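Below is one structure, written out as structure tokens, with a few remarks after it.
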Amino acid sequence: MSQKKFFLLFWAIILTVSIASCNLGESLPTCDPDIIHASGITPNYRQPVLDLTHWSIQWWYYIEISETTSTDIDCEPEAQHIRIGLRTFDEAGNIVLTPLLEEDLPGYARAYVPDLILEPATHYYYEISWGEGHSIVTPFNTGPICDRTTLLPPVNLSPPDGAAIESSAVLSWMYQGCTPEGFELHLSSSPDFTAPDTSRYPYNIAAHAVSGAWEPCRWHYWQVASLIAAPPNDDDLLFAPRLDIPLPLSDEDPLIHTLNYLTSDFTPVRSFYVIGEGCPAPSDTPVPTPAATPSSKPIASVLQAANCRTGPSLDYPVRQVLMPGEQYPVIGRSRDGTSLVLGLVAIDDDIIWTEQAIRNLGCWVYIDLVEIITGNIEQVMVVDPDPPHLVAPPTATTVPAFDCSQYATNPVACDSSNYCRWDASVPPNGTCVNK
């Protein structure tokens, strides 16, 4: 055998042994499955997954020594199973887990790279199990993190307006297109919110539900808004810092600015009645009508006949001719502020305008040809159009074949898809249809 062949064979053997060692992992004794616990490290509520196509799950095992103390283990389960799926809420506020992916894993595994492409701004969960034991259901939400141009109000999910619920029911919502850094909840016993119980939850990334012991035998009204950190105010200093910012240790340390917050519009007001022992039936209690709330999205009224195009210049084909007096939701704006994107569907605050939906169902109009009659166009996202040569005429537009029936009971997954939308008018509880 030549020296060159011997050299290549030698390193091939070394590489093979190394790979095998990595795959087998360090050999540890088998744990008693009844005393071990597992906890997810990443992803979690405070860590949105920003890369939707290449992401991983990590977890660890421990043993509880007391109610407040735990320690790592020097053993491993015989085998593991991982489950990943969507985490939503039904109309009663109950958590609904819809598995998307499951796989058996060796006992030594502490990380997993799923073959699953995530949708943006969607709620997911994962769970690790071994024999009869299992970890808590670890929820997480996908990014990207909102900025001031993409911060929109959430969309209410449960309970439905006017519902009768248990005192422990959950108020839930979903975010539109991106993940805020927190939320603000208003809860009141009066429809005009004269004395709201206001709660602000900054740094609670991806939280999309609140549970509590709501007071029984009465009507409650609630609304929620999205929060992101605003640039610091030079006149204010920080006395209660963020968890990841240390306090000044001495007079020589730099001062830390207060973190202010930008708040989106609030969701439309919803009401619910809390049932309980001795309470009159909800049907015996008149449902107060919540105070009218302005639309959370700006509305434009057309001033004169105008061509609404697939892009913000004459280089783009006309998608629709707008007539004076017609009204449309404003769903986007150009970066230079000269053009607006109008949604060519009924005005509806619960429609989620993803970038794909804007391209399929929106059109561009010069801003001087319309009048904003309600709302603030600064709240809508900045949209960068495709180059003119990539935009097909409206008659050539085709919608990719996609089976939306797979989301027939899941409004979150339905509205998060590029090709589907939730139609709440279909009895009994709505369904998922193609856009």
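Under a 5 Å amide H cut-off, with hydrogens placed 1.01 Å from N, VAL370 pairs with LEU303 among residues at least 5 apart or on other chains.
Only the Cβ atoms of Lys and Arg (+1) and of Asp and Glu (-1) were treated as charged; on that basis the dipole of region 36-141 about its Cα centre amounts to roughly 340 debye. Projecting label points 7 angstrom from Cα along Cα→Cβ for ASP32 and THR68 puts them 2.5 nm apart. Near GLY375, once Lys and Arg are set to +1 and Asp and Glu to -1 for all other residues with Cβ below 9 Å from its Cβ, the sum equals 0. Checking the a/c ratio against 1.5 first, then a/b against b/c, what shape does the Cα gyration tensor give for region 30-84? It comes out oblate by the Cα gyration axes.
As a calculated quantity, the FRET efficiency between ILE373 and SER39 at R0 = 56 Å, using C-beta atoms, amounts to about 0.60. Here the peptides 38-47, 179-188 are ranked by packing, the mean other Cβ count within 10 Å, and the order with the highest first is 179-188, 38-47. With R₀ set to 35 Å, the beta-carbon distance separating LEU101 from GLN327 gives a calculated FRET efficiency near 0.20. In plain terms, the chain from SER56 to VAL318 could stretch by 89.9 nm, reckoned as 0.36 nm per residue minus the Cα-Cα distance.
Highest-first packing order for the peptide set 49-56, 140-147 is 140-147, 49-56, based on the mean count of other beta carbon atoms within 10 Å. Distance between the pseudo-spin-label points of GLU132 and THR149 (7 Å out from Cα toward the beta carbon): 5.7 nm.
Taken together, the values in this text are just the output of simple stated rules run on the coordinates, not laboratory data. No experiment lies behind these values; they were computed from the predicted model shown. Positions of Cβ are generated from backbone atoms using ideal geometry, with glycine treated the same way; all protein chains shown enter the neighbour counts.
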